[in-house]
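Undergrad: Quick one: structure below, then a few questions.
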Amino acid sequence: MKESVKRISMEKVAIIGGGIVGATAAYLISKNNDYSVTLYDSGKGQATRAAAGIISPWLSKRRNKKWYALAKDGATYIAELAKETQMNSKTYLQSGTIVTRKESADLDELESLANQRKVNAPEMGTIKRVDAQEIRTLLPLVTADFQGIFISGGARIDGNRFVKHLLEISERNGVNLVHSKVELVDDQTIKDESQVKKFDLILVCAGAGINELLAPLNYEVQVHPQKGQLIELNVPAYQNDVMAPVLMPESEKDFMPIGDGRLIIGATHENTPGFDLKFTQDALDDLFASAKRIDNRLSKDDLIATRVGTRSFTDDFSPFFGWLPNNDHVLVASGLGSSGLTTGPIVAKLLVSLLESSRDYSKYQKEISNYLHMKG
C-alpha cells in the first residue's frame, strides 16, 4: 500500500478487463472529468457475463472475517449502486433469499447467526424461519420438503446486464471501449491488436488473466482459474415468478427464478479445467439432477441456454486489490472467486479511491504481497 498521497489529474487511465470490477471502475472514474479512460476487454471467458448471482453474504459460515467485512459492505454498496444508476429489476432485484438446512439443530444455529449479524447489518431486512409449506408459498416451483431461513434483504443480480448497464453509462460519460485482447509492454504501455498506447495509470481487473498480463512486468500472481457452468430452463407453467426469492439449498445448486418463466440453476466450481470454456455433459447432468431434486416436474427438454465463465481464486479464497508492489502506475484486483458479484463493485470502489489518496483497507484484505511477488 502506498504511503504518500497520490493525486492524478488530466491523466490517461487504462482499465484492462470489463467484468464487474472493470465496469464498475470505469463508471466511477468516468464521473470525474479529470480522467481520460480507455477500457479494454476481449469479452472471452469473462466470469461476470456468464454469471447470475446471489447477493446474500450474511449467512455464510466462512471464518475469514476480512472476506465477510468486504462481502457485507459489498452487498450494501450494490444496492446503492443499483439505485444510483437506476438499474431495472432484470438487472438487480431485492427479491429475498432462502437458505436451507436439513437438520433442525443446524437451522437453529443458522437462525442464531442471522440474528447476531443483523445487529451490524440492518440491510438484511426481515429474518424469518420458514417450513416446507411457507417455502412453496414463496416459491411455488419447489416440490422438495425444505426448511430454511428467509432473508428479505437478499437479492439477485444478472452479471451480464449489470456490466452492460454500467458500460453504457461509462460510454456516455466519455469512456472509450476497445474490444480487444491486450498485453502489457511495460507498466505504462498497452499493446492491442492494432496499436501500442501509453498511459499514466493502468488498472488490471482481468480476473484469472492477471498472471499472463503481469508476466512482462516480472510478477507472479497466486491466482488460479476456476470454471463455472450454469443452465437456464424454461418453466412455462409458472410465469409469475418475477419477485420469487432465490433458493440456496444445502448440498444442492442454487435455484434462481428470474421472471417470465425462466429458471437458472448453478453454478459449478471446477478447479482443474483451466481456461476451457466448453460446456460439458457432466455439468449438465450434475446441474439438472440438482434442479430435479428441488422441482421433480422439470425436464431436460426445458433447457434453453447454458453459460460458461472463468472465475479467479486465490489459495485462501480471498480477493485482493491495490497498488502493484513497488510500482506507481499499476493498480490490480483479482481473486474474487464465486462471490465476485457481491464483492466486485466494492472492490472497484475501493480501488478507484486509491487514485486520490493512500488508504488503509486492511479490514478487508491481507497485504497484497501475499498474493503476488517479483520473479527471481
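Undergrad: Sorting check: for 155-162, 295-302, 350-357, 34-41, which peptide has the highest mean count of neighbouring beta carbons within 10 Å, and how do the rest follow?
TA: Taking the mean over residues of other Cβ atoms within 10 Å, the ranking is 155-162, 34-41, 350-357, 295-302.
Undergrad: Could you compute how much accessible surface residue 152 exposes when probed at 1.4 Å, giving the result in Å² to the nearest 10?
TA: Probe radius 1.4 Å; accessible area of residue 152 about 40 Å².
Undergrad: If you don't mind, another one. Of all the C-alpha pairs in the chain, what % are more than 40 Å from each other?
TA: Percentage above 40 Å: 14.
Undergrad: Restricting attention to segment 175-252, which chymotrypsin sites (Phe, Trp or Tyr not before Pro) occupy a DSSP loop and are surrounded by at most 16 other Cβ atoms within 10 Å?
TA: Answer in residue order: 238.
Undergrad: In addition: Using the C-alpha atoms of segment 66-221, what convex hull volume per residue, in cubic angstrom, is computed?
TA: Residue-normalised Cα hull volume stands at 185 Å³.
Undergrad: Tell me the angle of helix 340-353 to the major Cα principal axis of the chain, expressed in degrees between 0 and 90 and rounded to the nearest ten.
TA: Relative to the chain, helix 340-353 is tipped by roughly 30 degrees.
Undergrad: Roughly how many Å² is the accessible area per residue of segment 303-376, as a whole number, for a 1.4 Å probe?
TA: 37 Å²
Undergrad: If I build a Gaussian network model for the chain, linking alpha-carbon pairs within less than 10 angstrom, which residue out of 226, 188, 86 has the largest mean-square fluctuation?
TA: 86
Undergrad: For Cα pairs less than 8 Å apart in space and 6+ apart in sequence, what is the mean separation divided by the residue count of the chain, i.e. the relative contact order in percent?
TA: It comes to 26 percent, rounded to a whole number.
Undergrad: Between beta-carbons, use under 10 Å as the cut-off and find the net charge around residue 300, counting Lys and Arg +1, Asp and Glu -1.
TA: -2
Undergrad: Please compute the net charge surrounding residue 13, taking Lys and Arg as +1 and Asp and Glu as -1 over other residues with Cβ under 11 Å from its Cβ.
TA: Overall, the nearby charge balance is -2.
Undergrad: Same structure again: PRE reach from residue 212 (point 7 Å along Cα→Cβ): which of segment 150-193 fall under 16 Å by backbone N?
TA: 179-185, 191-193
Undergrad: Give, in nm to one decimal, the length gained when the segment between residue 116 and residue 305 is fully stretched (0.36 nm per residue of separation minus the Cα-Cα distance).
TA: Length gained, residue 116 through residue 305: 64.1 nm.
Undergrad: Please report the projected area of segment 167-271's Cα convex hull averaged over all directions, in nm².
TA: It is 10.7 nm².
Undergrad: Pull out the extension gain between residue 152 and residue 176, defined as 0.36 nm times the separation in residues minus the alpha carbon to alpha carbon distance; nm, one decimal.
TA: 4.8 nm
Undergrad: Now for a different question. Give the ranking of 243, 87 by solvent-accessible surface, highest area first, calculated with a 1.4 Å probe.
TA: 243, 87
Undergrad: Also, quick follow-up: Along the positive direction of the dipole of the chain (beta-carbon charges: Lys, Arg +1; Asp, Glu -1; about the Cα centre), which of 365, 224, 132 reaches farthest?
TA: 365
Undergrad: Within 14 Å, Cβ to Cβ, of residue 37, how many net charges do the neighbouring residues add up to if Lys/Arg are +1 and Asp/Glu are -1?
TA: Here the charged neighbours net out to -1.
Undergrad: How far is it, in nm, from the label point at residue 198 to the one at residue 282 when both lie 7 Å from their Cα along the line to the Cβ?
TA: The answer from the label model is 4.9 nm.
Undergrad: Summing -39500 (n - 2.57) over the DSSP H runs of n ≥ 4 in the chain and dividing by its residue number, what mean residue ellipticity at 222 nm do you reach, to the nearest 500 deg cm²/dmol?
TA: Helices in the chain give a 222 nm mean residue ellipticity of -8500 deg cm²/dmol.
Undergrad: Compute the FRET efficiency between residue 85 and residue 243 as 1/(1 + (r/R0)^6), taking r as their Cβ-Cβ distance and R0 = 22 Å, and round to the nearest 0.05.
TA: 0.55
The values are calculated or read from the model by the stated rules, or taken from the named source; none is laboratory data. Just so you know, these numbers come straight off a predicted model, no measurement behind them. So basically every Cβ, Gly included, is an ideal-geometry build from the backbone, and we count neighbours across all protein chains shown. Note: areas computed on protein heavy atoms with side chains; ligands, DNA, RNA excluded. Shrake-Rupley method; radii C 1.70, N 1.55, O 1.52, S 1.80 Å.
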